[in-house]
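Each remark here refers to the structure printed beneath this line.
The values are calculated or read from the model by the stated rules, or taken from the named source; none is laboratory data. Because the structure is predicted, anything quoted here is derived from the model rather than measured. FYI the Cβ positions are ideal-geometry reconstructions off the backbone, even for glycines, and counts take in every protein chain you see. To get the accessible areas, we keep the full protein, side chains included, count just its heavy atoms, and leave off ligands, DNA and RNA. Shrake-Rupley method; radii C 1.70, N 1.55, O 1.52, S 1.80 Å.
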Amino acid sequence: MSALLPFAAAGNGLTDWLAGLFPAGVPFWILGLLGAVIAFALIMVFVSVLAMFSTWLERKVAGHIQVRYGPMRVGGWHGWAQAIADGVKLLIKEDIVLADADRALFKIAPCLVLGAALAAFVALPFGPNAIVADLDLGVFFILAVSSVTTLGVIMAGWGSNNKWSLYGAMREAAQVASYEIPLGLSLMMPVMYYGSLSLHRAGEMQADWFGLHWYVFSDSFWLAIPSFILFFTAALAETKRSPFDLPESESELVAGFHTEYSGIRFSFFFMEEYAAMYLMSAVGTAFWFGAWNFPGLELLAGSALYAPLAVTVFVVKSMILVFVMMWVRWTVPRIRIDQVMTMGYKYLTPLCLILVFLASVWEWAKAALTGA
Amino acid sequence: MASLQQPAAPANERSYWGNVWQAVKSTAVGLGITFRYLWSKPFTVQYPDEKLPTDDRYRGIHYLEQDLCIYCQACAKACPVDCISMDAKRHGKELEWNFFRVDYQKCMFCELCVYPCPKDCIHMGREYALVAEDRSEFVLELTTWQGLTEAQKVRVAEAEAKKAAKKAAKKAAAAAKEDKEGEEK
Amino acid sequence: MDDTTMERPLREGERLVELDVRTQDVEINMGPQHPATHGVLRVLLRADGEILTGAQSHLGYLHRCAEKIGESVDWLQYLPYTDRYDYLSAMNNNLAYSLAVEKLLGIEVPERAQYIRVILAELNRICSHLVAVGTYGLDIGAFTPFFYALRERELLLDIFEKICGARLTYAFIRPGGLMNDAPAGWTDQVRAFTDLFERKWREYWDLLVDNKIFVERTANVGVISEEQAIAWGCTGPMLRGSGVDWDLRRDQPYLVYDRLDFEVVVGQGYRGTVGDCFDRNYVRMYEMLESNRIVRQCLEQMPEGEIQHPEVGLVLRPAPGEAYVGIENPRGELGHYLVSDGNKIARRLRVRGPSFSNLALAEHLLPGCMLADAAAIIGSVDIVVGETDR
């Protein structure tokens with residue numbers, strides 16, 4: 001995770017805290033390295049637990065939507081330990097690399113995919129102080145780093161030496177490249193409202209009104225709601241979730257780019273999917289739904305309970321958006337690749353541009369009127 | 001919108017904002033339906049713990065009323081896949097059963113074996129879970145006993161005794177007749 | 001392979017993706033193990049990127065010599081085998097075979113049996129169309145409607161279980177009548193289902209068929225013209241989807257269909273062109289409602305009486321001769337051509353399966369479409385590989 005190093009070193013969250021623990025004079029690169037290791041460990045644990053919980057939740061949501069139960073056996077209550085059992089199974093499965101596969105690419109791909117997803121967590125605020133590195137370019141960093149997963153997917157599709165995998169990889173490349181534009185543009189509305197790309201700053205700015213001064217409840221709500229719908233649609237495409245799950249569409253491409261993967265390598269792709277879902281939901285929560293702010297939470301400020309509760313609020317809010325992603329997946333059919341392109345370029349991008357224009361006028365007018 | 005009457009006119013006009021509106025609206029309707037079902041009681045049951053009752057007429061694994069069976073082979077002849085095989089030895093009216101087997105690797109549960117039975121002694125039961133670790137376990141024995149039962153043995157012995165007595169009586173009668181004839185000579 | 005690539009002018013409303021850059025074609029095997037081929041159909045696709053340039057289907061992975069078996073077992077013993085060629089509409093297959101044998105025997109079954117046969121055939125049609133619509137949703141990528149469809153199918157299977165004891169392969173409608181009479185309470189169960197079904201039908205419509213993505217995926221895709229459908233011998237929803245008003249139940253009535261009031265659903269280009277995938281699915285959707293209506297009428301008109309022709313026993317020896325009877329199976333015309341030489345075994349047994357003829361056209365629709373359309377088009381034909389291969 002050396003990618004984390006420069007960012008962690010430049011940040012002010014974890015490294016500042018670490019600097020306070022050591023006597024002055026400890027070289028900065030040691031602090032940075034230590035911070036990177038700790039951050040990696042924390043994020044890895046969080047993502048693993050998150051992926052396990054999300055797979056369980058996904059199966060329960062799918063089950064109950066489809067008038068059935070989902071997993072019920074492992075662990076007792078509603079099969080809560082199913083994900084752990086699956087994880088153990090994936091870990092102990094034979095590690096198969098196809099004879100005709102491009103071995104290097106085949107092996108690097110899952111690591112790159114998961115690594116990119118984990119790296120993006122660096123700029124994600126979980127609470128008022130719970131952030132690895134509070135970057136000024138926070139959301140830009142997240143978008144930039146998370147789109148590296150596409151490279152991994154293309155490697156996987158090419159390295160598998162399977163035509164279906166290659167199709168999945170090419171679809172992923174086309175889709176992600178197209179949807180970066182509406183995704184970035186839809187984020188412009190909150191960015192203009194906050195005047196900052198930092199997610200942490202967005203969280204701090206939504207703390208008024210007893211913790212209810214969220215962007216969707218602000219005076220710009222008429223921009224917030226359509227921009228969130230556009231953001232959410234683009235985020236579904238970005239995270240390869242239905243109805244944009246073309247890279248792995250099982251009724252067309254068998255399993256798409258991860259057809260030939262099994263065991264622990266497959267589980268990396270799986271974890272990446274849920275990590276990316278959480279990431280997009282967290283960005284949505286931080287920008288539109290008040291980050292860690294919740295009515296009444298301010299009263300606890302200063303107490304030991306405040307930080308854990310703020311983190312809980314943030315994670316729960318994000319998980320609600322993850323749930324919505326699952327809910328959408330089990331409702332709608334899949335779009336065809338040319339329609340994905342049509343939707344990206346002819347619908348989402350123009351609509352985003354209109355909103356960007358309206359938001360610029362609105363925010364400028366507000367600033368001009370209040371004399372700020 | 002959905003109507004149970006066939007819609008008369010094609011509704012295929014598509015404009016830019018019409019497409020946007022239809023996409024948002026139909027997705028919202030779909031989400032509404034799935035959300036309602038998310039909280040409804042599941043339709044399925046937890047199978048091995050909870051089993052749905054089968055109907056009276058359910059065609060499951062056969063059962064045989066062995067005391068009624070007369071070893072006429074009608075069911076075996078009616079079977080399209082020849083999955084019924086049986087063997088018994090006749091002792092006068094009594095049957096000494098060797099086996100009555102159904103091979104469930106072949107059986108397709110069509111119930112054609114049940115109709116031709118003159119004694120109405122073969123039926124299809126309500127058991128359905130055919131699980132085994134070996135193919136040979138799918139060949140089920142329908143007889144509840146093999147060989148002769150005690151009661152049958154008694155009856156066979158009685159019948160044989162009667163037969164023997166009859167034979168003896170006949171012999172005696174014949175002998176008596178011979179004697180008589182001899183005496184007459 | 002190249003001879004299957006059909007160069008043809010575009011029809012109105014049909015969209016062909018333009019190829020600005022032609023690259024090297026790639027050949028892909030779709031199947032025999034593929035989620036969208038409904039069993040073990042293998043389609044060899046030739047594609048230029050996402051756009052298909054050729055397709056060839058390979059059949060026979062599920063061939064079980066059904067016709068040859070028919071020439072080596074008794075007339076009645078063949079009945080369970082008819083269940084197995086189109087296992088989703090076993091009642092209709094039983095009916096088709098039984099009607100053909102009855103034509104050879106020159107008998108007509110009692111009226112009550114005829115009504116029960118119609119009820120069973122129509123319920124089975126609903127059953128089969130539920131799977132067709134549900135799995136079509138799966139092909140398009142919507143998982144949930146499939147489960148809702150199977151939920152209602154489960155109720156129908158309970159109804160079948162109650163009358164005949166089996167849930168999938170019934171062997172119930174037999175030459176000469178029925179295996180058994182309807183048990184007490186059966187008609188009430190059927191009536192309750194017909195009332196419930198219309199409510200549930202609306203759900204599939206709202207959730208799947210009316211969904212914008214579904215419409216976009218199916219409308220104007222895989223358009224079959226009227227002439228083409230007739231020329232290729234398509235039958236059933238595939239033919240009616242193309243706007244041809246032809247239904248054996250109305251046009252060559254058998255059993256008591258001439259006494260019942262129902263409409264023949266014909267594709268009308270509701271969301272696209274007449275004869276596209278949407279229309280075929282549309283015909284299936286509305287046929288379920290029509291079948292529901294037929295069942296209701298039958299329940300009202302059904303008389304009491306015998307269910308078995310008195311002269312037909314378990315071993316049949318039809319007089320020498322031949323007979324062909326085709327009926328409207330959920331997938332189209334299912335015909336049996338039987339030749340008897342007076343023995344208790346058929347001299348010749350030939351089956352005309354609807355999926356087989358319908359599938360013949362499908363591979364010619366694929367060139368020019370996109371890879372994802374392959375699943376949509378093959379799904380809209382609603383094949384059951386058990387029947388194409390027999």
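A:Asn129 versus B:Val24, label points 7 Å from Cα toward the beta carbon: distance in nm?
4.3 nm
Total Å² of accessible surface buried at the C-A contact, 1.4 Å probe, nearest 100?
Working: alone 15610 and 17050 Å², together 30020 Å².
When C and A are taken together, about 2600 Å² of accessible area is lost.
With the crude spin-label approximation of a point 7 Å out along Cα→Cβ, what separation in nm comes out for B:Lys162 versus A:Ala365?
If labels sit at B:Lys162 and A:Ala365, their model points lie 11.3 nm apart.
Let a ≥ b ≥ c be the square roots of the eigenvalues of the Cα gyration tensor of chain B; is it rounded (a/c under 1.5), or, if not, prolate (a/b larger than b/c) or oblate? Working shown, then result.
Details: a/c = 5.34, a/b = 3.90, b/c = 1.37.
Taking the square roots of the gyration eigenvalues as a ≥ b ≥ c, chain B is prolate.
Check each residue of the range B:45-64 and keep those whose accessible area, probe 1.4 Å, is at least 50 Å² smaller with all protein chains in place than in the chain alone; give them in order of residue number.
For the range B:45-64, once contacts with the other chains are taken into account, B:Gln46, B:Asp55, B:Arg57, B:Arg59 lose 50 Å² or more.
Using the Kirkwood formula over every pair of different C-alpha atoms, what hydrodynamic radius in Å results for the protein assembly as shown?
Value: 32.2 Å, from the Cα pair sum.
Please give the peptides B:81-89, B:37-45 ranked by average Cβ packing (other Cβ atoms within 10 Å per residue), highest first, as a rough proxy for protection.
B:81-89, B:37-45
Top mean-square fluctuation among C:Glu152, C:Glu67, C:Glu311, Gaussian network model of chain C, C-alpha springs under 10 Å?
C:Glu311
Starting from the 7 Å offset along Cα-to-Cβ, what nm value, one decimal, do you get for the label separation of A:Val45 and C:Gln24?
About 5.1 nm separates the two model spin labels.
What percentage of the solvent-accessible surface of the range C:75-308, computed with a 1.4 Å probe over protein heavy atoms, is contributed by carbon and sulfur atoms? Spell out each step's value before the answer.
On the way: 2880 of 5940 Å².
Carbon with sulfur: 48 percent of the solvent-accessible area.
Mind checking the angle between helix C:90-105 and chain C's longest principal axis? C-alpha axes, 0 to 90 degrees, to the nearest 10.
Long axis of C:90-105 versus the principal axis of chain C: about 50 degrees.
If I take every Cα pair under 8 Å that is 6 or more residues apart in chain A, average their sequence separation and divide by the length, what percent do I get for the relative contact order?
After rounding, I find 21 percent.
Given only helices, namely DSSP H runs of n ≥ 4 each adding -39500 (n - 2.57), what is the per-residue ellipticity at 222 nm of chain B, to the nearest 500 deg cm²/dmol?
It comes out at -12000 deg cm²/dmol, rounded to the nearest 500.
Is the shape of the range C:185-329 rounded, prolate or oblate, going by the alpha carbon gyration tensor and its root eigenvalues a ≥ b ≥ c, with a/c under 1.5 for rounded and a/b larger than b/c for prolate? Don't skip to the answer; put the middle values down first.
Values: a/c = 2.93, a/b = 1.43, b/c = 2.05.
Oblate.
With a Cα-only, solvent-free Debye model of the range C:185-265, what are the log10 I(q)/I(0) values at q = 0.19 Å⁻¹?
-1.06
Using the alpha-carbon centroid of each, what span in Å lies between the range C:175-221 and the range C:141-171?
10 Å
What total accessible area, in Å², is buried where chains A and B meet, using a 1.4 Å probe and rounding to the nearest 100? Intermediate values should be presented prior to the final figure.
Details: alone 17050 and 15070 Å², together 30390 Å².
Separately minus together, A and B give about 1700 Å² buried.
Let a ≥ b ≥ c be the square roots of the eigenvalues of the Cα gyration tensor of the range A:100-370; is it rounded (a/c under 1.5), or, if not, prolate (a/b larger than b/c) or oblate?
Judged from the Cα gyration tensor, the range A:100-370 comes out prolate (a/c at least 1.5, a/b above b/c).
Any idea of the total accessible area buried by the B-C contact, 1.4 Å probe, rounded to 100 Å²?
What B and C bury together is about 4000 Å².
Rounded to the nearest 500, what is chain C's calculated 222 nm mean residue ellipticity when only DSSP H runs of at least 4 contribute -39500 (n - 2.57) each, over all residues?
Helix-only estimate at 222 nm: -13500 deg cm²/dmol.
Could you state the accessible area per residue of the protein assembly as shown in Å², with a 1.4 Å probe and every protein chain left in place?
Values: 39580 Å² over 947 residues.
On a per-residue basis, the protein assembly as shown sits at 42 Å².
Step through the table entries B:Lys89/B:Lys153; B:Lys77/B:Lys106; B:Lys77/B:Lys119; B:Lys106/C:Lys103, compare each Cα-Cα distance with 19 Å, and write down the pairs that go over it.
Numbers: B:Lys89/B:Lys153 13 Å; B:Lys77/B:Lys106 15 Å; B:Lys77/B:Lys119 15 Å; B:Lys106/C:Lys103 31 Å.
With Cα atoms farther than 19 Å apart: B:Lys106/C:Lys103.
Give me the percent of accessible area attributable to carbon and sulfur for chain A, probe 1.4 angstrom.
After summing per-atom areas, the C and S share lands at 75 percent.
Within 10 Å of each Cβ of C:364-370, how many other protein chain Cβ atoms are there on average?
What the average comes to for C:364-370 is 1.
For the range B:62-150, what is the relative contact order in percent, using Cα pairs closer than 8 Å and at least 6 residues apart in sequence?
38 percent
Compute the helix-to-body angle for C:111-140: its Cα long axis versus the longest principal axis of chain C, expressed 0 to 90° and rounded to tens.
The helix C:111-140 is inclined about 20 degrees to chain C.
Provide a list, ordered by number, of residues in the range C:277-313 showing at least 10 Å² less accessible area with every protein chain present than when their chain is taken on its own, using a 1.4 Å probe.
Residues of the range C:277-313 that lose at least 10 Å² of accessible area once the other chains are added: C:Tyr282, C:Tyr286, C:Leu289.
Which helices pass in chain A if a helix is a full DSSP H run, must span at least 18 angstrom along its long axis by Cα, and must have mean Kyte-Doolittle hydropathy not below 1.6?
The qualifying helices are A:28-65, A:103-119, A:221-238, A:306-329.
Within the range B:62-150, what whole-number % of the accessible surface is contributed by carbon and sulfur, with the 1.4 Å probe and all protein chains included in the calculation? Spell out each step's value before the answer.
Values: 2400 of 4960 Å².
Whole-percent figure for carbon plus sulfur exposure: 48.
Taking only Cα atoms and a 10 Å spring cutoff, compute GNM fluctuations for chain B and point out the largest among B:His91, B:His62, B:His123.
Among B:His91, B:His62, B:His123, the largest GNM mean-square fluctuation belongs to B:His91.
Note the angle between two axes, namely the Cα long axis of helix C:371-381 and the longest principal axis of the Cα atoms of chain C, as a number of degrees from 0 to 90, rounded to the nearest 10.
20 degrees
Beta carbons within 10 angstrom, averaged per residue: use that to sort the peptides C:322-329, B:146-153, highest first.
Ranking, from highest mean packing down: C:322-329, B:146-153.
Can you tell me which of C:123-134, C:98-109 comes out highest on packing, and rank the rest after it, using the mean Cβ neighbours within 10 Å?
Those peptides, ordered most packed to least, come out C:123-134, C:98-109.
Given a Förster radius of 56 Å and the C-beta distance between B:Asp56 and A:Leu98 as r, what FRET efficiency does 1/(1 + (r/R0)^6) yield to the nearest 0.05? Don't skip to the answer; put the middle values down first.
Details: r = 54 Å, r/R0 = 0.97.
Computed FRET efficiency for B:Asp56 and A:Leu98 comes out at 0.55.
What is the mean number of Cβ atoms from other protein chains located within 10 Å of the Cβ atom of each residue in peptide C:133-145, rounded to a whole number?
Values: counts 0, 0, 1, 1, 2, 3, 4, 8, 14, 10, 12, 13, 6.
Averaged over the peptide's residues, the number is 6.
Summarise the partner chain shielding of C:77-89 as one whole number: the mean count of Cβ atoms from other chains within 10 Å of each residue's Cβ.
Shielding by partners across C:77-89 averages 2.
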